[in-house]
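Here's the structure, in structure tokens; my notes come after.
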Amino acid sequence: MTEYLVVNKKINLRKLQNITFLLLYSLFAFYFLVNGPGVFDEWSTSWTTTTIVYLVGVALFLGLQENLPGELEAPIDKSIVGFSLAFLSATFVFIVLYDLGWLFQDVTSMPLVKIPAYLVYQLVIVVASEEIIFRGVIFRYFFQFGLWPSIIVSSTFFALFHYAAYSGNLMSMGFAFLMGVLLSYCVYRWNIGVAIGLHYAWNAYVLGITALV
């Protein structure tokens, strides 16, 4: 009986942490949906439309939350640590790869005035939303059918989701698929915080936010 109460308490605590995280995410996203143009001069009007789409998508997919496998959940503190370590280490690796001339040679530093708006938009709206939908929900939902089916399905959806962004370029979509595989493995091996950190580091560097060039 005591063991049952301990387990049940841990489950309830984890649910509370997840709810807290999602509440904070929703508040931040909704705040910038309403106030983005007023807070940042560089806030694009198209971002407002994108924010609405992401918010609706996250809300719809989270309806599956109760049916997701619990073994892939991680405490919020571990996800925060995972995010921080993944973002910092990945950014360092990207800088080294650029200096070696192996990657990102067409990337240029973003003007400082634009960086705050892009940092917020990419993390709060784009990356967090995509990871919640594709790794936090789709990957975890299909995990009941096995690791590789869940990786393949979620990564395929992730690649198709970027069809418009890549103008239907198959090579770019193939890269998005491979990135989805890597991010899914990060969730399986560590936690979703690591996936968000890696995804955020990639987007930030490619856009020139963290590129030291």
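The values are calculated or read from the model by the stated rules, or taken from the named source; none is laboratory data. Quick caveat: nothing in here was measured; it's all calculated off a predicted structure. As a convention, Cβ positions derive from the backbone with ideal geometry for all residues, glycine included, and neighbour counts pool all protein chains shown.
The table below gives the values:
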item: Residue within segment 20-38 that is modelled with pLDDT under 80, over 26 Å from Ala117 (Cβ atoms) and not hydroxyl-bearing (Ser, Thr, Tyr) present; result: no
item: Residue list for segment 63-97, restricted to those being among the β-branched types (Val, Ile, Thr), exposed (fewer than 13 other Cβ atoms within 10 Å of the Cβ) and in contact (Cβ under 8 Å) with a residue 40 or more places away in the chain; result: none
item: Sole exception among (1) at pLDDT below 95; (2) more than 24 Å from Ala176 (Cβ to Cβ); (3) surrounded by fewer than 17 Cβ atoms within 10 Å (Cβ to Cβ) for Leu60, by number; result: (2)
item: Verdict on Arg189 being charged (D, E, K, R), under 22 Å from Pro75 (Cβ atoms) and surrounded by fewer than 18 Cβ atoms within 10 Å (Cβ to Cβ); result: yes
